[in-house]
Amino acid sequence: MSLAALICAYHECEPDGQGLRATLQLAGRTLIERQARLAAAAGAHPIVIVVDRQTPPLSAALERLRADGIAITVARNAGEAAFAIPSDAALLLMADGLVADESHVTRVLDAGGPVLLTLPDFGADDRFERIDGQSRWAGLALLDGALLRQTAAVLHDWDLQSTFLRRAVQSGARQFSVAGASADDRLTIAHRSEDLAHAEARIVEGAAFEGRDWVSRFVLSPVEYAATRLLMPTPAVPEWLYGAAAGLSVIAFGFFLQGWLLPGVLLMLAVTPLDGIAERLARLRMVDPANLRRWRRVLPWSAGAALAGLGIALREPSGWGCIVLAFTIIAFLAALHGEAKGRIVEGRLFLAERKGLTWLLLPFAVTGLWITGLSAMAIYAAGSFFWAQRHVHRPVPSRDED
């Protein structure tokens with residue numbers, strides 16, 4: 001059965017009624033963008049957004065979603081929404097102003113429809129619609145297109161979201177509560193910007209990722225966090241940061257060829273946090289990782305070019321051996337990537353990679369020991385490769401040996 005999504009985006013903010021709940025800002029983007037990305041990540045198609053009026057912020061949000069390849073259908077009323085959704089499709093319903101995460105959507109989908117996600121009435125406020133004396137709707141439901149068409153046929157001037165919810169309850173949709181789930185505090189419905197303060201702080205914290213290398217985890221994490229907070233409300237996108245990292249690496253290559261060795265190394269150091277910031281920003285914006293794949297591929301090539309430029313620059317005072325050292329490092333890194341890709345390697349956190357090698361070179365660069373620094377990088381890269389090779393290809397003990 002196909003999955004569609006229905007998101008309401010017409011309720012105004014309280015108490016002044018200025019603007020829509022859907023366009024409240026959350027982690028630098030509108031709330032409707034987060035909802036649509038959650039639905040898209042769950043495999044929903046089409047994603048239908050019901051609106052009364054398309055304000056400029058809402059229109060801009062929808063265009064950003066479409067630019068990222070997320071197909072959005074705008075419905076002006078319940079009839080258009082029902083027409084856009086096949087009657088035999090499972091329908092993921094998201095409340096206007098809902099803040100949730102992937103775990104909530106997954107729980108609803110795994111429960112199988114028709115189901116309503118609920119909260120206990122005790123402790124919940126009026127942001128959540130009351131279902132009965134014990135429960136309130138948590139803002140997520142899995143229903144079907146046929147029930148939406150039945151609702152649209154009798155809607156008249158009633159509110160689509162509330163009426164659809166009531167008909168789901170009357171039709172016997174199963175209810176299950178989020179009570180006791182570890183992600184309960186990640187679920188809310190925002191009526192005003194103040195409702196999002198806690199959710200935004202939690203989302204920013206959750207955007208941190210466990211660094212795949214020791215430099216990202218132990219050295220660059222504070223820088224990446226601070227930069228992410230700074231970029232969050234701006235139009236900056238992860239692709240820009242990957243592009244900046246690649247561009248700066250190319251500039252460093254030019255610096256090395258000009259003989260500006262220390263400035264080139266400092267430029268390469270400035271590159272090291274950029275991809276981590278891009279990763280965090282992508283998580284904040286819920287960008288599909290596949291959209292960043294090509295940018296991730298460019299960065300190792302540009303960094304390799306910079307290292308080759310350093311070897312060429314050192315040829316004049318030290319001979320051709322520097323070029324051999326530089327290309328030896330690149331070769332070992334490429335071989336290490338091939339050995340470790342998709343495999344579990346013990347101690348992988350401390351294996352050689354672009355960032356660690358750059359920071360390893362720094363003390364040698366400051367003291368002018370360039371050849372020693374290149375040699376240390378080559379030893380580190382070679383040792384990492386042979387370590388990974390040993391762990392990947394070691395024989396698996398047979399049961400008889402156990």
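The values are calculated or read from the model by the stated rules, or taken from the named source; none is laboratory data. On a predicted model such as this, the values are computed, not experimentally measured, just so you know. Cβ placement follows ideal geometry from the backbone for every residue including glycine, while neighbour counts extend to all protein chains displayed.
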Pairs where the first residue, in the range 159-175, is closer than 12 Å to residue 140 by Cα and the second is at pLDDT below 95 and aromatic (Phe, Trp, Tyr), C-beta under 6 Å, 6+ apart: 165/137
Close pairs (8 angstrom Cβ cut-off, 6 or more residues apart or separate chains): small (Gly, Ala, Ser) in the range 61-75, part of a strand (DSSP E or B) anywhere: 61/29; 61/30; 71/47; 75/48; 75/49; 75/50
Residue list for the range 120-162, restricted to those being surrounded by 17 or more Cβ atoms within 10 Å (Cβ to Cβ), at pLDDT 90 or above and either over 34 Å from the mean Cα position of the chain (by Cα) or in a helix (DSSP H, G or I) (or both): 145, 147, 148, 149, 151, 152, 160, 161
Check on residue 145, closer than 24 Å to residue 2 by Cα, in contact with an Asp or Glu (Cβ under 7 Å, 6 or more places away or on another chain) and in contact (Cβ under 8 Å) with a residue 24 or more places away in the chain: yes
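For residue 179, indicate whether it is in contact with a Pro (Cβ under 8 Å, 6 or more places away or on another chain) and modelled with pLDDT under 90.
Values: in contact with a Pro (Cβ under 8 Å, 6 or more places away or on another chain): yes; modelled with pLDDT under 90: yes.
Considered against the rule, which asks whether it is in contact with a Pro (Cβ under 8 Å, 6 or more places away or on another chain) and modelled with pLDDT under 90, residue 179 comes out as yes.
Among the listed residues 362, 310, 333, which satisfies the condition of being out of contact with any Pro (no Cβ under 6 Å at 6 or more places or on another chain), in a helix (DSSP H, G or I) and farther than 23 Å from residue 297 by Cα?
Working: 310 fails: farther than 23 Å from residue 297 by Cα; 333 fails: farther than 23 Å from residue 297 by Cα.
Exactly one of 362, 310, 333 is out of contact with any Pro (no Cβ under 6 Å at 6 or more places or on another chain), in a helix (DSSP H, G or I) and farther than 23 Å from residue 297 by Cα, namely 362.
For the range 1-94, give me every one of the helices (runs of 4 or more DSSP H) that falls completely inside it and has 3 or more residues that are touching a His at 6+ places or on another chain (Cβ under 6 Å) and of a type in the set (Ser, Thr, Tyr). Lay out the reasoning, then the answer.
On the way: elements: 31-41, 56-67, 78-84.
By residue number, no helices (runs of 4 or more DSSP H) qualify.
Residues to consider are 245, 306, 227; find the one that is touching an Asp or Glu at 6+ places or on another chain (Cβ under 8 Å) and without any contact (Cβ under 8 Å) to a residue 60 or more places away in the chain.
Details: 306 fails: touching an Asp or Glu at 6+ places or on another chain (Cβ under 8 Å); 227 fails: touching an Asp or Glu at 6+ places or on another chain (Cβ under 8 Å).
When all the criteria are applied, what remains is 245.
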Residue 109 within 23 Å of residue 285 (Cβ to Cβ), assigned by TED's automatic domain parsing to the domain that holds residue 35, assigned to a strand (DSSP E or B) and not polar (S, T, N, Q): no
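Being among the acidic types (Asp, Glu) and not in a helix (DSSP H, G or I) is the filter; apply it to the range 193-230 and report the residue that is surrounded by the most Cβ atoms within 10 Å (Cβ to Cβ).
Here the residue is 213.
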The range 366-390, residues that are crowded, with 21+ Cβ neighbours inside 10 Å, of a type outside the set (Phe, Trp, Tyr) and farther than 22 Å from residue 339 by Cα: 373, 374
Those residues of the range 231-249 which are under 16 Å from residue 203 (Cβ atoms) and surrounded by fewer than 16 Cβ atoms within 10 Å (Cβ to Cβ), in sequence order: 233
Qualifying residues in the range 262-290 (those that are assigned to a helix (DSSP H, G or I) and within 8 Å of the chain's Cα centre (by Cα)) - the one modelled with the lowest pLDDT: 289
Identity of the residue in the range 295-330, touching a helix residue (DSSP H, G or I) at 6+ places or on another chain (Cβ under 9 Å) and more than 25 Å from residue 260 (Cα to Cα), that ends up surrounded by the most Cβ atoms within 10 Å (Cβ to Cβ): 295
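Scanning for something over 25 Å from the mean Cα position of the chain (by Cα) and not in a helix (DSSP H, G or I), does the range 244-257 turn up at least one residue? Don't jump to the end; show me each part of the working.
Let us first name the residues in the range 244-257 that are over 25 Å from the mean Cα position of the chain (by Cα), namely 250-257.
Next, only the ones that are not in a helix (DSSP H, G or I) stay: none.
Looking through the range 244-257, none of the residues is over 25 Å from the mean Cα position of the chain (by Cα) and not in a helix (DSSP H, G or I).
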